[in-house]
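Colleague: Once you've had a glance at the structure underneath, I'll fire off some questions.
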Amino acid sequence: PTILAIESSCDETAAAVVCDRQILSSVVSSQIKTHALYGGVVPEIAARQHVETINPAIAQAYRESGKTWAEIDGIAVTTAPGLIGSLMIGVTAAKTLAMLHRKPLIAVHHLEGHICSALLAEPTLEPPFLCLLVSGGHSSIILVKDYTDYRVMGKTRDDAAGEAFDKVARLLGLGYPGGPAIDQIAKMGDAKAYKLPQGRIPDFPYDSSFSGLKTAVLRLTQKLSPNGEALPIADIAASFQETVAIALANRTIKCAIEHHLSTIVAVGGVAANSALRSRLLASAEEHHIRAIFPPLSLCTDNAAMIGCAGAIHFARGETSSMSIATRSRLNLEDCQSLYIAT
Ligand code: ATP
Ligand code: MG
Ligand code: FE
C-alpha cells in the first residue's frame, strides 16, 4: 500500500509518502535550533512550531512523492507516545486529510515507527530480530518476534541514553543536543582515562540505569576541578561515551545470544554514536550476528518510518477510529490497541 505519513511527537515536524518499504518522499523540519536556545525541548514552543510547519511539510511530501490522492491508500500518524501538544497537531492534520480525501486513518506507536526504520534501511530484513532502540526518551532492547509483535526485553529505569548524553554534555558545557557534541570531542580524548559505572540492574540483565552514570560524571568533575580549574573535557566525554557504548552493546548482544537471534538492529538518535556503533559491530561480528544500522536520517525522528509501520498495519486490515485520542504514554506491547480490525 501507498501511505502518507505524519510525525510530530516531539520536536521534528515530518511528513512522508512510502509504498510498503520504499520511501517516495520524506520531509523533516527540525526545531533543534529553536530549542537549543533553551538547552532542551520546550513543549509549548514545540507545539506552536508544529502548527506553522505541518502544512508545508505535508504539501512538500505529497508533491515530491509524485503520487495523487487517488493513489494513496491511507493516512498514518503518530498518536502515542510523545508530547501531547505536539502529537495533537499531527493527529489533527491527519484526521482532516483522512476525512477530506476519504482515506482510512492508521494510528502508529512512535516506537514501532523507530523499529520500522530498520525495515526501510535494509530491504532483506525480516523478523525475528533484536532491536536496540536508543533515543532522546528511550533505551530499550526489543524482541521483534514478528511484524507488529513485540516484547520489551529491557528498558531504562531512569534516564534514557540520549537524555544522559544531553545532561552530561550540559555538565561539560558542550551545548544542546549533547550526543553529537560528545561524539565529536570524544574523538580527541582517552576513553580509558576514567572508570565509570555501567548502570547495571541486579537480576535484570537487559535493563539500564543511566542516572547513576550521570551523577558519577558530576562527582568526577567536582573532584577534578574543586576550584573551577579547567577540566579534561575530551577525556571525560570519551570515558562516558565508551561506558555507555560498552553497557548497551554488552546487554544487546547478550540478549541476542540468549534468545538465539542472528540479527540485531540499532535505531534512534543515539544509534548514530560512533563508539556505540563500533562496539556493537565488533561484538556482533565476534558472535556471528548480523548488525544493521540505518542511516542517521532514518535514526532520528522522521515520518517515513511511521509510514512503513502504517503500511504494515494497513496491509493487515488494521486501521484506527477517526476519534482516536493522543496519548503521552503507551507501552509498545499494547500498540495493537490502536486498531480496529476491518
Ligand atoms: P523518543 O523517540 O524517545 O521520543 P527522540 O525521537 O526525540 O526521542 P531522537 O531524535 O531519536 O530522539 O534522538 C535524539 C537524541 O539522540 C538526543 O538525545 C541526542 O543527543 C542523541 N544523539 C544524536 N546524535 C548522537 C550521537 N552521535 N551520539 C550520541 N547521541 C546522539
Ligand atoms: Mg528529536
Ligand atoms: Fe523518536
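Computed from the coordinates by the stated procedures, all read-outs in this text should not be read as laboratory data. Computed from a predicted structure; not experimentally measured. Cβ placement follows ideal geometry from the backbone for every residue including glycine, while neighbour counts extend to all protein chains displayed.
Colleague: Go ahead and run the numbers for FRET between ILE84 and LYS145, Cβ-Cβ distance against an R0 of 41 Å, rounding to 0.05.
Modeller: 0.85
Colleague: Springs between alpha-carbon pairs under 10 angstrom, Gaussian network model over the chain: which of ASN227, ASN302, ASN250 fluctuates most?
Modeller: Of ASN227, ASN302, ASN250, the most mobile in the Gaussian network model is ASN227.
Colleague: Out of segment 150-197, which trypsin sites (Lys or Arg not before Pro) are coil in DSSP terms and have no more than 11 other C-beta atoms within 10 Å?
Modeller: Sparse-neighbourhood loop trypsin sites (Lys or Arg not before Pro): LYS192, LYS195.
Colleague: May I pose another question? Compute a Gaussian network model of the chain, connecting alpha carbons closer than 10 Å, and tell me which residue from GLN241, GLN49, GLN222 fluctuates the most.
Modeller: Greatest mean-square fluctuation among the candidates belongs to GLN222.
Colleague: Then there's this: Take LEU218, LEU298, LEU171 and order them by how many other Cβ atoms sit within 10 Å, fewest up front.
Modeller: With the fewest neighbours first, LEU218, LEU298, LEU171 line up as LEU218, LEU171, LEU298.
Colleague: If you don't mind, another one. Connecting C-alpha atoms closer than 10 Å in a GNM of the chain, tell me which of SER283, SER225, SER274 has the biggest fluctuation.
Modeller: Among SER283, SER225, SER274, the largest GNM mean-square fluctuation belongs to SER225.
Colleague: Pairing the Cα long axis of helix 43-65 with the longest principal axis of the chain, what angle in degrees results, from 0 to 90 and rounded to the nearest 10?
Modeller: For 43-65 against the chain, the angle is about 60 degrees.
Colleague: So what are the ³J(HN,Hα) numbers for segment 28-40, from phi and the Karplus equation (6.51, -1.76, 1.60; θ = phi - 60°), rounded to whole Hz, Gly and Pro as x?
Modeller: Per-residue couplings from phi come out as 10, 10, 8, 9, 3, 4, 5, 6, 4, 4, 9, x, x Hz.
Colleague: Given H placed 1.01 Å from N in the peptide plane, which residues other than close sequence neighbours of SER320 have an amide H under 5 Å from its amide H?
Modeller: Result for SER320 returns LEU105, ILE106, ALA107, ILE340.
Colleague: Using only the alpha-carbon atoms, how far is helix 110-121 inclined from the longest principal axis of the chain? Give it as 0 to 90 degrees, nearest 10.
Modeller: That helix lies at roughly 90 degrees to the long axis.
Colleague: Projected onto the charge dipole of the chain (+1 at Lys/Arg Cβ, -1 at Asp/Glu Cβ, origin at the Cα centre), which of ILE45, ILE289, VAL270 gives the Cα projection farthest towards the positive end?
Modeller: ILE45
Colleague: Give the list, by residue number, of cysteines in the chain with no other Cys Cβ closer than 4.7 Å, or say none.
Modeller: Here CYS10, CYS19, CYS131, CYS255, CYS299, CYS335 come out as lacking a disulfide-compatible partner, given the Cβ-Cβ threshold of under 4.7 Å.
Colleague: Could you work out how much longer the chain between GLN222 and SER321 gets when fully extended? Use 0.36 nm per residue separation minus the Cα distance between them, nm to one decimal.
Modeller: Result for the pair: 30.3 nm of gain on full extension.
Colleague: If I stretch the segment between GLU44 and ARG277 completely, what's the gain in nm (0.36 nm per residue apart, minus their alpha carbon distance), one decimal?
Modeller: 80.5 nm
Colleague: Stretch HIS287-LEU231 to full length: gain in nm at 0.36 nm per residue minus the Cα-Cα span?
Modeller: 16.3 nm
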